[in-house]
Each structure stands twice: as structure tokens, then as C-alpha cells.
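Right, one structure below, let's go through it.
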Amino acid sequence: MKIQSAEVLITSPGRNFVTLRLSTEDGLAGLGDATVNGRELSVASYLADHVVPLLIGRDAHQIEDTWQYLYRGAYWRRGPITMAAIAAVDTALWDIKGKAANLPLYQLLGGRSRAGCLAYGHASGRDLPELFDSVRAHQAQGFRAIRIQTGIPGFDNVYGVATSGHTTTGGSSRYDHEPARRAPRPVEEQWDTRAYLRHVPMVFEAVRNEFGPELPLLHDAHHRLTPIQAAKLGKSLEPYDLFWLEDVTPAENQSALRLVREHTTTPLAIGEVFNTIWDYRELLENQLIDYVRSAVTHAGGVTGLRRILDYASVHQVKSGIHGPTDISPVGMSAALHLGLAIPNFGIQEYMPQSATTDAVFQPTYTFVDGVLTPSDQPGLGVSYQDDVAAAHEYAPAYLPINRLLDGSMHDW
Ligand code: EZ4
Ligand code: CO
């Protein structure tokens, strides 16, 4: 089953996606997501210039060997661009293997361990009435677990809060937060951690009073706190029984989570910007986190993320696979097959894609009563429509940057 062609596909149905398509001599094709939000073309070049020439003629069945060939063979291993490129190859090979076996990917990963993957949605509001409306709207869509992000008095743009009228999804307005903007430079946002720390516990108090104790609630601090600030936040949110508190500190320093952990029983999730098992080693071995947040797309594919999640499972750490709209339906499908099969599934993040994006990828997974389930089509269950994709030309987009009130750069 030799690889005959490898195409790097770029499309922008409201937001940019990079996809790798591998085709075999016997006529099977597989897809892999290679989208790194705001830095898309670097992965496209990594693949087209340095990986595609190595793939032609290789045996498409040899997934593990190809993973090792690209990882060890790069010499300059790890990093988001390298690992997204490896992820795309790996995911496309799993898609092909599923088609060759005439089985959905989850069957190749050990079969179904659960009925489906519980998803959480993103509610947000600049103030409490807007936030409550958003929670209700998500419940009406079926969501049974909800992330809460809120405006801070005195600040115009806050991470995770949808601003009215802003849309990057090809004209159809949506309420979800979509941070990357098509503009020649990043949008500049302002941040003040003390204002945030004062405000957020009041918001959770109000949400619990309005929606009761049952609803699983999540929150993302998006890498902005020092360890002691994060400890304080975790402690102050304990009465509201969060499902998780995400990315409290910048991700590079694993030891920072030690101090946070010593001070709070609020469950901690981290890792959407991690790309290898090494980024998790200290966190898992010392049981400093509760959920692994990496995407298939950014952590070396199904092979890379499954290895991380296996290692997590022996430390009683569960999955919380990243699923914003910058993960394409190809990456989302791969996450759902993995989530259905692994023993330590936790929850799946889900921001529904625009109709324009779904028209390009035609995903076959379903979202019913808050649960995502991959289809039983062979492989991933996604088919890329070249003609639809061609109508959406790539446009540069940037994630925002963040400054403190005195102008200093801060983590976004
Ligand atoms: O900001 O994927 O938990 N989800 C997130 C996302 C990230 C975006 C960045 O591209 O933090 O919304
Ligand atoms: Co996040």
C-alpha cells in the first residue's frame, strides 16, 4: 500500500485550515489536520518542502515507523510546527488504515469504550445577563457542560468573550468566541489580573445561583496568572465546584503547577499549547493536573496523543481534548475516535463549525443531547470537497496580543 501522492490543502471558509491528503497507489485517500492558528503557512511549508518528498513510495501501513522517522529524523524535534506536521501525516495514515480495513478508526484503536463523547460548549457574555442568555442558548443546543467566560468591568475585549457583530466565519454571525482575526496585525487587548481575580468568583456565584449545583462548569484562565495568583483563583472558585480550571499559568514551567496544586482542590486542566509527552512528564508523574488538553492536531496525531493519554491514564489523569474552531473537522473527528476508545476519557471541547466550514469537510460525526459521536464510516469519516474549498482563499489572520495597563506585553 504505497503512498503515491501527498497534497497540502489550504482553505479559508471564514478561518484558515491546512489539511494534508495522502493517496495510495491502490486508490485510498486519508486526511490529516495541520492547522496552527495564526502560523498556518509555516506548517504548510514544513510539509510541502520537507515531508512530502519523504512520503512518496513509503508503505502507508507503517504508521509507527513513519512517526518515528519524522520525529527522530527531524533531529530538531518537538515544537508546534514539527508536531502539527507529524500529526497531519499520522492522522492521514490512520484514516487510510481504517479505509483499508473497512472499519471506523475507533475500532482500530481498541473499539468503543463508551456510548459517545460528552462535550462542553463555550458560553460567554460581557455582563451577567448576556452570559446567562448564552448559557441558556447552549443548553437549548443540547450542551450538558458549559465553559463560562466573562467580561471584566472596565475592559473592552477579554479572552473568551464573544463581541457582538464580530465574525470570522464567512458572514454568518455566530456567538462563540473566535479569537483569530483577518487583519495585517494582531488586535491588542488589555489585561489586569487583579481586576480579573476580583470579578470572576462573583460571576461563578451568580451562575451557580441561576443554574443550580448540577451543571458542570469550566473556566479558562488562558495562561495569565502567576502561580500564587492561580492558587488564589483555584481556592476562591472551590465553592462553585468547577469541572476544571484551565491553563492557569504559562505552560512552559511545569513546576509552577506544584504551588497551585498545594493550595487548591479545584481540578486543573492544561496543555492546549503542548505538543509532546515531555511537556507533561512532570505534571503527570507528580499528579499536578487532572486533564490533558492537547489536540490530535498539535501533539503528533493519534499516535502522539494516544501515547500521552496512556501515560496520563496510569496517573488517573483524563482527556480534555482541545476542540475550538481552529481544530478542523478532520482534527475533531480524530479526537472523537480516540475519545470513544480510550479508557480515560474526560470531556471533549466543542465549538460547532460554521456551515461554510462543514461544507468543505463534510464531517459525519453527530452532536445529540450534548454528546459527540463519530460515525461508523471507514477511517475518520470526513471528506474534503476540493471545489468548495477552492472558493475560500487563504487570508492572513492573527491571534490577539495582550498588554498590561502600563503597556507591558503579557501572555494572551
Ligand atoms: O484560545 O484555540 O480552550 N480553548 C482555547 C482556545 C484558544 C484558541 C487559540 O487559537 O483556549 O479558544
Ligand atoms: Co484554552
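Read-outs throughout are calculated quantities, based only on the coordinates presented, and are distinct from any laboratory measurement. All values reported here derive from a predicted model rather than from experimental measurement. Virtual Cβ from ideal backbone geometry, glycine too; neighbours counted across all protein chains shown.
Calculated FRET efficiency, residue 409 to residue 127, Cβ-Cβ distance, R0 = 35 Å: about 0.80 to the nearest 0.05. For residue 50 and residue 188, the difference between the fully extended length at 0.36 nm per residue and the C-alpha to C-alpha distance is 46.3 nm. Of the residues 12, 236, 255, the one with the fewest other Cβ atoms within 10 Å heads the list, and the complete ranking is 255, 236, 12. Put a dot 7 Å past the Cα of residue 211, heading toward its Cβ, do the same for residue 25, and the two dots end up 5.5 nm apart. Value of Rg to Rh for the stretch 83-226, rounded to two decimals, is 1.06; Kirkwood radius and Rg both from alpha-carbon coordinates. With the dipole of the chain worked out from charges on the C-beta (+1 for Lys and Arg, -1 for Asp and Glu) around the Cα centre, which of 206, 336, 275 lies farthest toward the positive end? It is 275, whose Cα lies furthest towards the positive end. Looking at the calculated P(r) for the stretch 212-263, what percent of the C-alpha pair distances fall above 17 Å? So the portion of pairs separated by more than 17 Å is 32 percent. Straight-line reach from residue 99: taking Cα to Cα under 27 Å and skipping same-chain neighbours fewer than 8 places apart, the lysines in range are 2.
Taking all Cα pairs closer than 8 Å and separated by 6 or more residues, the relative contact order of the stretch 1-151 comes to 20 percent. In the stretch 1-94, Rg over Rh equals 0.95, where Rg is the alpha-carbon radius of gyration and Rh the Kirkwood radius from pairwise Cα distances.
Scanning residues 5 or more positions from residue 122 or on other chains, those with amide H under 5 Å from its amide H are 147, with H placed 1.01 Å from N in the peptide plane.
Coupling constants for the stretch 369-386 follow from the phi torsions by the Karplus curve (6.51 cos²θ - 1.76 cosθ + 1.60, θ = phi - 60°), and in residue order they are 6, x, 10, 9, 9, x, 7, 8, 5, x, x, 7, x, 10, 10, 8, 9, 4 Hz; glycine and proline get x.
Checking the cross-link filter: which aspartates and glutamates have an alpha carbon closer than 13 Å to that of residue 232, excluding same-chain neighbours under 8 positions apart? Reachable aspartates and glutamates: 262. The angle between the Cα long axis of helix 227-237 and the longest principal axis of the Cα atoms of the chain comes to about 70 degrees, rounded to the nearest 10. For the chain, the alpha carbon positions stretch 60, 46, 42 Å along the principal axes, listed from largest to smallest. Annotation: extensible slack from residue 112 through residue 390 equals 96.5 nm (criterion: 0.36 nm per residue apart, minus Cα-Cα distance). Gain on full extension, evaluated as 0.36 nm per residue between residue 263 and residue 238 minus their Cα-Cα distance, stands at 7.9 nm.
Within the same chain, aspartates and glutamates fewer than 8 places from residue 97 are excluded, and of the rest, those with a Cα less than 13 Å from its Cα are 26, 59, 64.
Across the stretch 310-412, the mean sequence separation of Cα contacts (distance under 8 Å, 6 or more residues apart), normalised by length, yields a relative contact order of 22 percent.
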